[in-house]
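This report refers to the structure that appears directly beneath it.
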Amino acid sequence: MNIQTIRIAALCLAQFALTSQVHSAELTLPQDGWASWQVEAVEGAPAFCCWSSWEVRDAARMSCQLDREPSSFGTRDHETTDAVRVYARTAGGKVERLRVLSATCQVEAKMPIRDLGSVVTDDSARWLITLSKASTGAATSHDLGENVLAAIAMHRGDLAHNALAAFAREEGSAETRKKAVFWLALLRGAAGADIATAVMFNDKDAEVRKHGAFAITQSKSPRVAADLIRLGNTDKDGDVRAQAWFWLAHTGAAESENAIAAALRKDSDDHVREQAIFALSRLPEERATRALIAAAEDRSLSSEQRKRAVFWLAQSESQGAQTYLEKVLAR
């Protein structure tokens, strides 16, 4: 093979590579109907798909019906994927529905789905970022905004990560910041968890800080318990402090009982103290029983607080709780 032939072959291969992918951020979607494209997923992305049942442990994977809301949607057994597909439905040239699913998930739709193939991940992310900004404050559905942010979070790379961080931090709507914080914590690893935690401590809106307390429990941060204890001890809003204790109990962290019991004694807000007792009931069963009995027996607490501890013991099905209640009734 001579040098001219090699050059021609190389040019042909380069041209094929350019035409086999969509490189423009301005994706060409149909005026009406569904379009889909595939991108690289963020590391550890959950393999989102649809299931025959969410309650049944061995439920079968099934096709997702794109034109209606899924009843059993998610992933099982921590299954992950390295590629996802974005599905967008347009009407009159405007996006009205969007979903992101594992590339291996089967789907069905009422109209044919135009396959755009594999799209450069950053180009897809740019298109989604533009869509998210355009839909902020517009007359779009709650689900569209949520799913656009979820799709951005599933994209690999710094562009998607930085955009999601900006949505979480900017002076936008509280709902947008809450959604961005959740997806950062869930999907963007340690860096995403750090941003979610920073928002949880610093956002001016108490509702966003409360949501941050939930979001970081979905992350892999090694500091979840310590950060929730700090939030419960320092936040100026009582509802935020109460949520911190609630989610701390749900983590099952070893330091939960002592931290919540301390809040019972020192927090000046009656609502926070009441919610702290409720939080004790959310601990793993036997630990919850021991913590509630300790609260019921603690004479430094008010009679109302001790009654609340007894109330939550009565809701428990643990044998230890029932035995304690029988002793109380026998006094």
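The values are calculated or read from the model by the stated rules, or taken from the named source; none is laboratory data. Please read these numbers as outputs of a predicted model, since none were measured by experiment. Ideal geometry is used to build each Cβ from the backbone, glycine not excepted, and the neighbour counts take in all protein chains shown.
Table for the structure above
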{"read-out": "Test: T197 is at pLDDT 95 or above and buried (at least 23 other Cβ atoms within 10 Å of the Cβ)", "value": "yes"}
{"read-out": "Residue in the range 201-229 that is surrounded by the fewest Cβ atoms within 10 Å (Cβ to Cβ), counting only those that are under 17 Å from A191 (Cα atoms) and among the basic types (K, R)", "value": "K220"}
{"read-out": "Residue among R156, R169 that is in contact (Cβ under 8 Å) with a residue 60 or more places away in the chain, out of contact with any Leu (no Cβ under 9 Å at 6 or more places or on another chain) and surrounded by fewer than 21 Cβ atoms within 10 Å (Cβ to Cβ)", "value": "R156"}
{"read-out": "Subset of the range 258-273 (residues that are surrounded by fewer than 20 Cβ atoms within 10 Å (Cβ to Cβ), outside any loop (DSSP other than H, G, I, E, B) and not hydrophobic (A, V, I, L, M, F, W, C))", "value": "N258, R265, K266, D270, H271"}
{"read-out": "Qualifying residue in the range 55-63 (condition: among the aliphatic types (A, V, I, L, M), at pLDDT 85 or above and touching a Ser or Thr at 6+ places or on another chain (Cβ under 6 Å))", "value": "yes"}
{"read-out": "Cβ-Cβ under 6 Å pairs, at least 6 apart or on other chains, the range 174-192 side crowded, with 23+ Cβ neighbours inside 10 Å, far side at pLDDT below 95 and part of a helix (DSSP H, G or I)", "value": "K179/E146"}
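Yes or no, residue by residue, for (1) at positive phi; (2) touching a residue at least 40 places away in the same chain (Cβ under 8 Å); (3) of a type in the set (A, V, I, L, M, F, W, C); (4) in a loop (DSSP other than H, G, I, E, B):
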position	(1), (2), (3), (4)
C50	no, yes, yes, no
S53	no, no, no, yes
A59	no, no, yes, yes
P70	no, no, no, yes
T90	no, yes, no, no
L98	no, yes, yes, no
S118	no, yes, no, no
